[in-house]
Every structure is written in C-alpha cells, then in structure tokens.
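Trainee: What follows is a single structure, and I will ask about it in a moment.
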Amino acid sequence: MTRARTLYPILLLVLSAATTLHAEWFDTYDEGLKAAQAENWQAVIQKMTQVIAQKPKENAKERTYGVNFIAYHPYYYRGMAYFNLGDWDKAIADLKKATGSGRVNLGSIEGKLAQAEAKLAPPPVQVTQTQPPVVIPPVTQTAPTVDPGLAPARGAAQEAIARARQKSSEAQGARANTLASPQFNQAQQTLLDAMQRAATADTAMDWKQVEQTANRASGQFDVSVQAAQMAAGAQQTTTTKAVEEIVAPTRAEIKTAVQNYFDGKFRVAANQFEKLARRDSSNPLIWQFLGAANYYLYVLDGQVDENVLKASRYAFLQAKRIKKNSSLNARYFSPRIVKFYNDVK
C-alpha cells in the first residue's frame with residue numbers, strides 16, 4: 001500500500017469523528033429557510049414547529065456540527081409566516097419570543113409586531129365636533145445654519161457602534177473572552193476608543209472617524225469568534241480504532257496535527273502538516289489543512305506577514321492541482337477558510 005493510499009483514509013477517519021449528531025434538526029431548519037425564501041408560509045410553520053419541538057431555545061450562534069455555527073431563530077420565521085397568513089395572535093406570540101433574524105431577512109421584528117398589534121386594536125372612537133376648530137396661524141422661523149452632512153454622519157457612526165456592541169455580546173457568547181482573550185481584548189479596546197471619540201465629536205469628519213473605528217472593532221470581534229470556535233472545536237475531535245488498525249507508525253502524527261489544528265495551535269499544526277506533506281505530497285487533505293493553518297496564522301498575527309499568506313495560497317493550489325475542482329468540507333473548515341480557498345486561483 002502506497003503512503004498516499006495510507007494517509008488519505010486515515011485523515012478521513014480522524015476527521016469523521018469531529019462531526020456532531022445534530023444534522024436532523026439542522027436539515028429541517030434549513031428546509032424551513034428555503035420555504036421562507038419561496039414564501040411557502042404553511043411549510044415554514046410546519047418546519048419551524050418541528051425544530052422548536054427539538055430545540056426550543058433561540059441562539060445567535062447555534063452549533064450545527066464541527067466548528068460550524070448558524071443564527072438559529074425559528075420563532076422569528078414561524079411568527080413571520082403567521083403574520084403573512086393574517087393569524088395575528090399567533091404571529092404576536094412567536095415574534096415576542098424571537099431574539100433576532102437569521103439568514104433570510106423577512107423584516108423587522110418590532111415593525112411586524114406593531115402592525116400585528118394594530119390589526120387587533122379596537123377602532124378609534126369618533127368624536128363629533130360641535131364647534132369649528134380654532135385655526136392657529138403658523139409662526140415663520142428662520143432655521144439655524146447647520147452642517148448638512150452632520151446628521152447622516154452621526155447616524156452612521158451610532159449604528160456602527162451599536163453593531164460593534166452587538167458583536168461584543170456575540171463574541172462573549174462564543175466564549176471569545178476566555179478562549180481567545182488577546183483578540184477579544186484588542187477588539188474591546190478599539191470599541192472603547194470609538195465610544196470615547198463619539199463623546200467629543202462635533203463635526204461630520206469627527207463622526208466619520210468614529211464610524212471607521214467602530215467598524216474596525218466589529219472586524220476584530222469576528223476574528224476573536226473565529227479563534228474561539230477553533231479552540232472549542234477541539235472538543236468535537238476524537239480518534240478512532242481504525243487509525244491504529246490501518247497504519248500504526250503514522251497515526252500519532254496525524255492525530256496530533258489534526259488535534260493541534262482544532263485546538264487553535266496553528267503554528268504547531270502547520271509545521272506538522274508540512275512534514276506530512278513532504279512525505280506524501282499527493283494527499284490533497286494534508287495540503288488543505290496546511291493551507292488553513294497558515295491562513296489562520298496570517299489573520300491572527302494581524303495580517304502583516306505576507307510570507308505566511310503566500311504559504312497558505314501555495315498549499316491550497318497544491319490541493320487543487322492534485323484533485324481537480326476540489327472543495328473544502330464545511331464540517332472541518334470555517335466559512336472564511338472556504339471562501340479564501342475558493343478564491344485562490
């Protein structure tokens with residue numbers, strides 16, 4: 001048996017242990033989202049009722065399998081379905097339980113609640129006037145001169161700060177403050193800087209700088225969540241007896257490399273996968289993990305080391321050269337890695 005035929009099944013067996021057992025509810029939820037896109041409201045109600053029976057609590061970062069997370073809001077979609085069918089009582093009950101929206105945006109929770117409650121409100125009492133109303137002539141005032149760009153700039157900056165604060169809450173929910181504290185603390189400091197700038201901003205340019213700082217904080221919170229997910233994903237990785245039965249001499253190296261990757265020890269994992277790639281250059285999975293480890297090193301080190309980014313591209317190109325039209329398995333790689341892999345030419 002050649003080394004290529006030896007290591008490939010080992011990696012598949014090791015990685016299969018990282019898959020969680022929640023595919024059934026996730027598939028039903030995904031079918032409900034597709035029904036929502038197609039405006040098939042009865043199907044949305046049926047699918048979301050099924051997943052609520054299995055998983056009644058909404059979560060902005062619900063784990064599906066491996067290191068994949070989704071925004072899980074079944075009450076939002078079922079409430080919107082009831083709203084579009086004119087079932088106002090049920091729509092109100094579900095939308096009050098909803099904590100947010102997911103991939104398919106059907107409208108504002110607050111807006112739909114207000115509309116549904118208005119449908120149920122009693123008609124206003126008609127008052128008959130016995131005397132004509134008193135007409136007060138308008139008072140002409142001269143509007144003060146203001147910077148026409150001030151209000152839009154201030155509004156955009158305040159929205160950016162609100163998004164960054166939401167990102168901070170989501171990052172804490174993903175335990176980034178403990179599993180990826182350096183990245184999380186850096187994001188928190190940037191958000192604090194944006195809020196301090198907002199306290200003294202009085203021109204459109206000042207508010208533009210506040211918006212840019214808050215957006216930078218949001219990006220840093222995203223990085224901290226990615227790092228935390230990698231660390232938490234290690235809990236889903238196990239070894240199997242098949243590794244020992246197939247090739248005992250190499251099982252420990254593969255197990256350690258994969259374990260270090262899911263533990264977030266990307267530098268160690270990159271060195272280990274590079275050694276494996278030198279021994280077996282025809283295994284696309286080894287090149288994929290090597291490219292992913294180097295890419296996370298580039299991101300978490302502040303995106304300054306172009307050599308690490310080049311090493312990531314080279315590894316992904318090798319994987320594509322070995323296996324034409326290959327793609328990354330979303331069970332083992334985050335959406336950010338999958339997008340970068342697909343963009344590499």
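Trainee: Rounded to whole Hz and in sequence order, give me ³J(HN,Hα) for the range 166-181 from the Karplus expression 6.51 cos²θ - 1.76 cosθ + 1.60, θ = phi - 60°, writing x for Gly and Pro.
Mentor: 5, 4, 4, 5, 5, 5, 5, x, 8, 6, 5, 5, 10, 7, 9, 4
Trainee: For the range 307-314, what does the Karplus curve 6.51 cos²θ - 1.76 cosθ + 1.60, with θ = phi - 60°, yield as ³J(HN,Hα) per residue in whole Hz, taken in order and with x for Gly and Pro?
Mentor: 5, 5, 5, 5, 5, 5, 4, 4
Trainee: Same structure again: For a footprinting-style exposure proxy, rank Arg278, Arg154 by other Cβ within 10 Å, fewest first.
Mentor: The most exposed by this proxy come first: Arg278, Arg154.
Trainee: Something else: In terms of modelled amide H atoms, which long-range or inter-chain residues lie less than 5 Å from the amide H of Ser282?
Mentor: HN-HN under 5 Å from Ser282: empty list.
Trainee: Multiplying the sequence separation of Leu150 and Ser281 by 0.36 nm and subtracting their Cα-Cα distance, what value in nm do you get?
Mentor: Taking 0.36 nm per residue and subtracting the Cα distance, the gain is 41.3 nm.
Trainee: Can you list the HN-Hα couplings for the range 76-86, worked out from phi with the Karplus curve (6.51, -1.76, 1.60; θ = phi - 60°), rounded to whole Hz and with x for Gly and Pro?
Mentor: For the range 76-86, the Karplus-derived couplings read 4, 6, 5, x, 5, 5, 4, 4, 6, 8, x Hz, x marking Gly and Pro.
Trainee: If the cut-off is a Cα-Cα distance under 28 Å, which lysines reach Lys55, setting aside same-chain residues fewer than 8 apart in sequence?
Mentor: Qualifying lysines at Cα under 28 Å: Lys34, Lys47, Lys90, Lys96, Lys97, Lys112, Lys167.
Trainee: As a footprinting exposure proxy, order Asp305, Asp280 by other Cβ within 10 Å, with the fewest listed first.
Mentor: Lowest count first: Asp305, Asp280.
Trainee: Fewest first, what order do Ile161, Ile92 take by the number of other Cβ atoms within 10 Å?
Mentor: Neighbour counts put them in this order, fewest first: Ile92, Ile161.
Trainee: Which aspartates and glutamates, if any, have their Cα less than 12 Å from the Cα of Lys275, not counting same-chain residues under 8 positions apart?
Mentor: Here the aspartates and glutamates satisfying the reach criterion relative to Lys275 are Glu253.
Quick note: the coordinates plus some simple rules give every number you see, no bench work behind them. Please read all numbers here as calculations on a predicted model, not as lab measurements. Cβ coordinates were reconstructed from backbone atoms using ideal geometry, including for glycine residues, and neighbour counts include every protein chain displayed.
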